[in-house]
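The values are calculated or read from the model by the stated rules, or taken from the named source; none is laboratory data. Given the structure is predicted, the values throughout are model-derived calculations rather than measurements. Positions of Cβ are generated from backbone atoms using ideal geometry, with glycine treated the same way; all protein chains shown enter the neighbour counts.
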Amino acid sequence: MKKKYLIAGGVIAFITAALFLKYRRSIPKGASPVKDFDKEKYLGKWFEIARLDYHYEHNLNHTTAEYFVNKDGSIKVVNTGYDYTKNETKTATGKAVFAGSDKEGKLKVSFFGPFYAGYNVIAIDEDYKYALVAGRNLDYLWLLSRERTMPEDVKNEYLSIAASIGYKTNDLTWVNQY
């Protein structure tokens, strides 16, 4: 009987550890955050060109993300979008912090108190005009631009990077910015 409890306890511990490791991951396997990341250049307004749709952005167009430095050094995040089914603008304010070095594009963001999710800049041009951002897993991806559009060559490059990691780029929602 004692042996059964030990085995059951071991199985439960293994499953708990596996789930912890699965959900603690903050970047998809195969993705790498950009090195030599410049927080100051990244601040400001970005237009969402495309995303993998999820609950909080469903039915939103004209979506933007703005980043500002808070007094404590964290980054204030203000996401805005127009819900075309309800004819109303929605705004969500959160906070981002670096998950390691502030010279690496690996951050975590929270819109709900102590709960953070991965926010990883995995590609960016040298002028900080276009960015490819991965979430904690293959369910979250954003193509961002400082303008309402993104050049086709940049778009294709970012789609290729995303596909090589395992993202289903055919499932992207292309945002109406006009």
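Things worth noting here:
- Within segment 137-155, if we keep just the residues that are among the polar types (S, T, N, Q) and buried (at least 17 other Cβ atoms within 10 Å of the Cβ), the residue that is nearest to ASP53 (Cα to Cα) turns out to be ASN137.
- Candidates ALA50, ALA134, filtered to the one that is in contact with a Pro (Cβ under 6 Å, 6 or more places away or on another chain) and either surrounded by fewer than 20 Cβ atoms within 10 Å (Cβ to Cβ) or of a type outside the set (D, E, K, R) (or both): ALA134
- Restricting attention to segment 61-107 and to residues that are outside any loop (DSSP other than H, G, I, E, B) and in contact (Cβ under 8 Å) with a residue 60 or more places away in the chain, the residue that is nearest to TRP174 (Cα to Cα) turns out to be ASN61.
- Residues of segment 142-161 that turn out to be closer than 18 Å to ALA65 by Cβ and in contact with a helix residue (DSSP H, G or I) (Cβ under 6 Å, 6 or more places away or on another chain), as a count: 1
- The requirement of being at pLDDT 95 or above, small (Gly, Ala, Ser), more than 21 Å from TYR178 (Cα to Cα) and crowded, with 16+ Cβ neighbours inside 10 Å is satisfied by GLY94.
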